[in-house]
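Inspection log for the structure reproduced underneath, given as structure tokens.
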Amino acid sequence: MASRCLLFVSAIVVWCDVSVARRDVHLSAARYLQLNTDDNISYFQQLLDHDGPLSGTTFDQRYVMDDSCFNSSTGPVFLLIGGEGAMGPIEDSGVVYHYVKRFNALLFQLEHRFYGESWPQHKDMRFLNSQQAVADIANFIQGMRIKYKLKPSNKWVVFGGSYAGSLAAWARQKYPELIHAAVSVSAPLVAQVEFREYDDVVRKAFEAENELCAQNVHNAALQLTDYLRYPVNDRKLMNLFGIYDCPSNWLIPCFTDAVAASVLNVVQYNYHTSMTVADVCRIMNDHQDPDLVNRYALVYRQYHRENNSPVYPEDNTHDDDYSWHYQVCHEFGWLMPSDSQAHLFGESFGTNYLIYSTCSKFQGFTVQNLYQEVDYTNRLHHGLNLNATRVVSILGSLDPWTPLGNRPSSPESPVITIPGSSHCEFLVPRLNDSYIQEAIDYVERLLIDWIRP
């Protein structure tokens, strides 16, 4: 068993994907890691409705189990929680596997309902929400305890990144009798209809690299918006950027939002994409081309060419983006308007456009209901006032989602912020980054203290 653990090649995913209401800026690093998991997949009969009239109805929820490092006498059980995407892989160099080997843990990964292949036959989207997802985690733990004859000494620790990190913290808060501890990475804990702070962190990330770069991105966005006000420029700009799909009645917000998305993705994931903040600044500060909009277009084209990412994925009712947009529009908000000249991207796309582009496809959606549901989400999960011990929250100083997760820290539930770190970088860390290594060592010491008999 020990040798298998030492030679183990991973076949499990780390989720770190928060798709935002606009731009499809996902909270996930998982989409950059593609390994095969097919041989390890199992299915759990999960309840569709944990408390309501359909409580007897079940669906197949995918999960993966790996016991190659497990010491069944004293080893803990680590559950990697799925977020807003299909179950996929993680490299064995990731931090979760570091802890699996260190603690001789049994490892599970659970796919989120209504994502990947974990779709109920009863496709009523009312059952897609974080409250049901947290109950899924508890029910899964109870089922695995029985199936694998796990003992009380096999303490459960949940891990998650981004939205899945939120679920990890909320699950520990809701079910402390089942979940011994939680490692919550880059997790937004506050629902908020308009999340303007996101772009503030993006600006700071560019300023940290180069102040001129941040100013050039801002000025390029302002110039692009001005050019789009004159229809005579439309075809030239479409050809320059390669954007042809924007409806004429929403041309300016649609076009500028699409370009902004590429810049935001670079900052959010930084070293986990083929393009970094430094690459953007190199292009935006290249004075060989005096036209800032040309440089801005080069950033956009290069980002999409190197990441093979379409601007507008086609939505359908069995699609991960569709599912995430549903949660955004009925639970979290997280719309990111840029509607002031002072904003990084200027006065180019407001809340009305973001609601149109993200939420109008859902029958019965109203803005009033969104505000009510956001308020309900914060009352349900307590926002930044997390009521739980043995939860460690790991944030990044250059992660745009950090403002929604920067809760009060305490010795029982500490919060650490890694300098210079981007979204979920802790889970798939850069080599030779001393700040990330310090955080990894710190969390390991916490787990030793929390898991010991």
How large is the Kirkwood hydrodynamic radius of the chain, counting all unique pairs of alpha carbons, in Å? 22.5
Looking at the chain, send over the antiparallel percent of its DSSP beta bridges, to the nearest 5. 35
Under 29 Å from LYS236, Cα to Cα: lysines that are on another chain or at least 8 residues apart: none
So for region 193-367, taking the charge dipole from beta-carbon charges (+1 Lys/Arg, -1 Asp/Glu), which of ILE243, MET275, GLY333 sits furthest toward the positive end? ILE243
Residue-wise, which Karplus ³J(HN,Hα) couplings in Hz belong to region 165-180, taking 6.51 cos²θ - 1.76 cosθ + 1.60, θ = phi - 60°, and x for glycine or proline? x, 4, 4, 4, 5, 5, 5, 4, 5, 7, 10, x, 6, 9, 10, 7
Residue-count net charge about ARG379 - beta-carbon cut-off 15 Å; Lys, Arg +1, Asp, Glu -1: -2
Tell me whether region 223-270 comes out rounded, prolate or oblate; compute the Cα gyration tensor, take square roots of the eigenvalues as a ≥ b ≥ c, and use a/c under 1.5 as the rounded threshold. prolate
Set of aspartates and glutamates with alpha-carbon distance to LYS174 below 14 Å, sequence-local pairs under 8 removed: ASP136
For every other residue with a beta carbon closer than 13 angstrom to the beta carbon of VAL392, add +1 if it is Lys or Arg and -1 if Asp or Glu, then tell me the sum. 0
Among the listed pairs LYS101/LYS149; LYS101/LYS204; LYS204/LYS361; LYS101/LYS151; LYS101/LYS147, those beyond 31 Å (Cα-Cα): LYS101/LYS204; LYS204/LYS361
Using each residue's phi in region 247-255, evaluate 6.51 cos²θ - 1.76 cosθ + 1.60 at θ = phi - 60° and report the 3J(HN,Hα) Karplus result to the nearest Hz, with x for Gly and Pro. x, 4, 6, 10, 4, 5, x, 5, 5
Test item: Cα-centred dipole of region 190-317, Lys/Arg +1 and Asp/Glu -1 on Cβ, debye: 280
Decide, for region 340-383, between rounded, prolate and oblate: order the square roots of the alpha carbon gyration tensor eigenvalues as a ≥ b ≥ c, take rounded if a/c falls under 1.5, and otherwise choose prolate if a/b is larger than b/c, else oblate. oblate
Hey, what do the phi angles of region 335-350 turn into as Karplus ³J(HN,Hα) couplings, whole Hz, using 6.51/-1.76/1.60 and θ = phi - 60°, x for Gly and Pro? 6, 10, x, 10, 10, 9, 4, 6, 5, 4, 9, x, 9, 10, 9, x
For the chain, calculated [θ]222 nm from helices alone, where every DSSP H run of n ≥ 4 adds -39500 (n - 2.57): -12000 deg cm²/dmol
So if we plug the beta-carbon distance of GLN363 and SER72 into 1/(1 + (r/R0)^6) with R0 = 41 Å, what FRET efficiency do we get, rounded to 0.05? 0.25
Calculate the FRET efficiency for ARG229 and TYR376 from the Cβ-Cβ distance with a Förster distance of 41 Å, rounded to the nearest 0.05. 0.55
Given the peptides 399-407, 246-254, arrange them by the average over their residues of other C-beta atoms within 10 Å, most packed first. 399-407, 246-254
About its Cα centre, what dipole magnitude does the chain give when the only charges are +1 on Lys and Arg Cβ and -1 on Asp and Glu Cβ, stated in debye to the nearest 20? 1040
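Every number here is computed from the coordinates shown, using simple stated rules; none is lab data. This is a predicted model, so every value here is computed, not measured. Because the Cβ atoms are built from the backbone with ideal geometry, glycine has one as well, and the counts that use them run over all protein chains shown.
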